[in-house]
Structure formats: structure tokens, C-alpha cells
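Q: Can you keep this structure in mind? I'll have questions shortly.
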Amino acid sequence: AEPIERSQGEDVTVDVLVVGGGGSGIVAALEAKYADFDGKDGGLDVMLIEKLSYVGGSAMLSGGSCRIAVPLDDNSHTDDPAYMQPLYDFMQSRNSAPLNEPLLHAMWNVSGDTVIKMSRLGMPYVTVDAYNDIDSYTANPQIMSRITPPRAANHIWRTQTEKVWLHGGVQIQEFFDKHLPESGIDIRLNTSADELIVEDGAVIGVKVTGPDSTYSVYAKKTILATGGFARNEELVLKYAPAYEGIIPFVNPGATGDGILMCEELGAEIVGDGMMAYIGTDSRFGMWADFGAPYHGGTGTVVFVNADGQRFVRDSAGYDLYRVVEGISQQEVKKAWALIDSENPAAEMTENSAMTEYKWKADTIEELADMIGVPSDNLVATIDAYNAAYDAGEDAEFETAHDNMLPVRMAPFYAVVCNPIAIGSLAGVKVNENCEVLVNDEPVPNLYACGEMVFGGNICTVYLGALSNATAFYTGRIAAAQAKAQL
């Protein structure tokens, strides 16, 4: 494209500037604008800038689920150490950095209230007596003993239409599209944040580039909600080198702009890795029509690499992340999942319309030729796998026998498995108020929320329904603190 000649525009002054129009930024802007997240103007001048031509960010690509840790109608459990500490211990097990327990506590404190108020504003959320992930992740008796009503360990809230859970990110987007135009927020699209304006150590605004001009937005409080960096190859190489070349399934604005600005201030970046799933490509990501048995990690399949060999424990459930990491460590970052015609996933695979991503053959040798792996290796791999199944023990990879099924009965199927980035898991260190920290001291007037603070502060191994939760809750926390300080 031809370079755009931009003029020097008129500077603007606002009370609160939100940078980034994804889920966290929109919730932050609504919280800042509304008196009590209630649709009523609270009297502040609020601006939201978004470098893309639309809002929604990666939330629109999400499944729409939102996790809370306590019942909606009883928030007292967040102050009960016996109730919360096992949850914190579990969350620490999902984090390579020290868990930001004060921030997580603050998130849980606002979780029920946020979901209730979003529902009152029109978000089509319905409660699900959810899969209690903690039950499946750990045998900690403290956690196991309290997964009983009325003190369930988790609740998952999902978007829904006519009581059927659909692709929730679309419904989140519909909610945003409804409320933003009537909110009174000054929304400026195609407007990027170029540089923080700092005076005497305090952030007083941002230099921006709009469609036609460059100008400065001076703000009493600035909230960074620019998302992660899955589309910034340099930052991926810096903070998650094992995932170099990973296929991004996030919005195109996820280039780590806010993280780069915080780095310039000297803020600490905590955590590492990528929020990764098994998927197909950048079009479908993990949402293939045969997804669950393969890409969801819930099937009994055999994973092989480009050499036609097993390389990782391939049992079901949250071994999914082990499989993703295993694929990323291969010389060729690609794998295939194999089943036979007696596998429960065979019918779904047979009927799948995604012909580009599946193969079917009458022999293992023929299947090997189709997917381009050495035939002798694949035959030996399947023979060894079947022998391990018959012996009742997978000595090589320790896959539980209940998570194995032999691969004997033709036809045989293979499905492609690529590592797919749905976010990044290195973030800016913040305190419980979502204030950006430099040398463990808050930078005056600067906040960060959403995916910018997810990695390191909360987890570095993704936990389902927690990314939307982090976006919504930290967006509210940052804006509420900004309002309180104003």
C-alpha cells in the first residue's frame, strides 16, 4: 500500500484512556464509563482506542466460557483460607512463575459480581454445573473433599442461545457491539498506541496514530489492554522459543504492543510459553468438526511424529498440553493422530467434511505413504503400541491402559495435528490492583489487564475458561481502581 500522509492532529485530554478493544479493554472501558457497571453514566470522559478496524479481539474467537471459583450468591468463600488455599496451590502447579495470589484473590472477589452484571446488561450467560477441572487434575484430598454442593470448586458460565451453548465468542461480540455505541465512550478505531507519555516517572498519556493524523491523548489514567504477542515472531522467540513458527489462531492485533511499551518502562515480564492447543491451521485452529477426540485431547489415539514414531504420552484429558509441547519439540513441528475403525472416534472422523486434514487407508503401510512418514517406522510403532496394550502396560510412555485402544481393524484413519497458539503466557507483572510494577513499585497512572497479565501472574499452562475470566475480571479491577483513585 502507498504510505499514508498523516497530519499533526489536535491533542485530546480524557479522564481514562483504554488502549485495546478486546474483551479486557471493552470491560475496562464500560466499568470506567458506567457508575457501577450498570449502564448508567458515571460522569468520566473515557476513550477507547483500537488499532484494528473492529473491536472484540481474541474474545470473539473463544468458546465463550468464563470461570468463577465461588458461588455467585455467596462471595464469602474468598476470605476462607481453607476454601481458597487448595485452589491457589493448584494454580501454582499450573504456573512456572510465582503465583500472583493477591491478583487471583482480587479476580475471584469480582468474578460473581461481574458475571451477574454482564448478564443484567444482556450478555447471554447461563450457569453450568461445570466440569470440575480440579477434580481431574489432582488427587489433593483438600480439593477433592470440597467438590460437593454448595461449595463447588468451580463454576463455568457459558454464553447460550435458546439454552443451547453455541460458539460463545460470537455472542460476546454481539454483546459488545450492542453496548459500546450507546455507552458514551469515545471509541476510535484504526488508531494505534505508539508511545507512552511519561513525566516525572508517571504516565500521563499516549502518543497515537489515527487514520488521518498523529496526536497525543493525555489521560489521568491509562489502561493497557493490548493482548498477547502470538503474532509477534520476535517476542515468541524471546519468551517462548520452543513455539517458534507456531500457527497463530488469535486476532491479528496480538503483536504485544503493550508488553513492548511496558518493557521500555523497565517493567518485569513474568512467565513463559504459549497458550497452545492441537489444531489444523490458521483458518480452523482447534475448531475442526472432528476436534474433541484429537484436538481436544479427550480421545484414545496414537500420536506419531514425522518419523512415524511415538514421541509423547498420548493419553486423554489435559495430557493435551504435554502433546502440544511434545509436537513443538520435534524437528518437524507436526504430528498425526491414528485410530482404527473400532475406535469411538471413527464414525465422526469418517463423516467429517474436513477432507484436507484426514486420511483413510486399508493398511498402515498405505496410511504412512499418504501422510508422508516412513512406512517401516509406522508399522513398527503401531505393532509396539498394540503389544503394549495387550500387555496392559505402556512401559515406554506410561500411557494409562484405560486411555489406550489397539489399532488393528481396517480401515485406519490419520488426522493432522499442528500446534496452534491461542494466546501467549508471558505477561507484565502487576499488583492486585492491576497496576504495572517497575522494581515492585506501581507506575503512577498505569494499569494492565487481560492477556497482558495472564501469563506468569495467573498461569503458564492454560486452564479452560480462564482467559475470558481473566480478561473480564482484570478489566474491571483496573478500571475500578482507576475510578477510585480519581
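The values are calculated or read from the model by the stated rules, or taken from the named source; none is laboratory data. Note that the structure is predicted; figures quoted are calculated from it, not measured. Note: ideal-geometry Cβ built from the backbone for every residue, glycine included; neighbour counts use all protein chains shown. We work out accessible area using only protein heavy atoms, side chains counted, and drop any ligands, DNA or RNA first. Shrake-Rupley method; radii C 1.70, N 1.55, O 1.52, S 1.80 Å.
Q: At most 13 other Cβ atoms within 10 Å and a DSSP loop assignment: could you name the GluC sites (Glu not before Pro) in the stretch 319-421 that fit?
A: Glu331, Glu342, Glu393, Glu396, Glu398
Q: For the stretch 233-317, build the charge dipole from Cβ charges (+1 Lys, Arg; -1 Asp, Glu) around the Cα centre, then report which of Phe249, Leu235, Gly296 sits farthest towards its positive end.
A: Final value for the positive-end residue is Gly296.
Q: Figure the gain on full extension for Asp177 and Asp36 (residue separation times 0.36 nm, minus the Cα-Cα span) and round it to one decimal in nm.
A: Working it through step by step, the gained length comes to 48.8 nm.
Q: Ok, one more. Once the other residues with Cβ under 13 Å from the Cβ of Phe176 are scored (Lys, Arg +1; Asp, Glu -1), what is the net sum?
A: Net of charged neighbours comes to -3.
Q: Given 0.36 nm per residue, what is the gain on full extension from Glu244 to Leu121 after removing their alpha carbon distance, in nm?
A: 40.2 nm
Q: Just the accessible area per residue of the chain, please: how many Å² with a 1.4 Å probe?
A: 40
Q: Something else now. Considering the options Asn418, Asn403, Val217, tell which one lies farthest towards the positive end of the dipole of the chain, charges being +1 on Lys and Arg and -1 on Asp and Glu at the Cβ, about the Cα centre.
A: Positive-end residue among those listed: Val217.
Q: Just to check I understand the Karplus step: with θ = phi - 60° and J = 6.51 cos²θ - 1.76 cosθ + 1.60, what whole-Hz values come out for the stretch 373-387, glycine and proline as x?
A: 10, x, 4, 4, 4, 5, 4, 5, 4, 5, 4, 5, 5, 5, 5
Q: To the nearest 10 square angstrom, what accessible area does Leu189 show with a 1.4 Å probe?
A: 60
Q: What number does the chain give for Rg over Rh if you use C-alpha atoms and the Kirkwood radius?
A: Checking Rg against Rh, the ratio lands at 1.00.
Q: 5 Å is the cut-off here: which amide hydrogens, built 1.01 Å from N in the peptide plane, fall below it relative to Tyr34, excluding neighbours closer than 5 in sequence?
A: Amide H neighbours of Tyr34: Gly42.
Q: How far, in nm, would the chain grow between Ala82 and Asp362 when pulled straight, counting 0.36 nm per residue and subtracting the alpha carbon separation?
A: Extra length from Ala82 to Asp362 when fully extended: 95.2 nm.
Q: Right, another one. Counting only protein heavy atoms, what percent of the accessible surface of the chain is carbon or sulfur at a 1.4 Å probe?
A: 49
Q: For the pair Glu331 and Asp440, how long in nm is the line joining their label points, each one 7 Å along Cα→Cβ?
A: 4.7
Q: Right, another one. In nm, to one decimal, how far is the Ala292 label point from the Asp113 one, both placed 7 Å along Cα→Cβ?
A: 3.7
Q: Just grab the label-to-label distance for Gln485 and Met409, each label 7 Å out from Cα along the Cβ direction, in nm (one decimal).
A: 6.4
Q: Among DSSP bridges having both ends in the chain, what percentage is antiparallel? Round to the nearest 5.
A: For the chain, the DSSP antiparallel bridge percentage is about 70.
Q: Place a +1 charge on the Cβ of each Lys and Arg in the chain and a -1 charge on the Cβ of each Asp and Glu, then give the dipole magnitude about the Cα centre in debye, rounded to the nearest 20.
A: Here the chain has a charge dipole of around 960 debye.
Q: If you don't mind, another one. At 1.4 Å probe size, with no ligands or nucleic acids counted, give the accessible surface of Thr355 in Å², nearest ten.
A: Surface open to solvent at Thr355 totals about 100 Å².
Q: Show which lysines lie in cross-link reach of Lys221 when reach means a straight Cα distance below 26 angstrom and same-chain residues fewer than eight apart are skipped.
A: By straight Cα distance, Lys221 reaches Lys33, Lys40, Lys51, Lys117, Lys178, Lys207, Lys429, Lys483.
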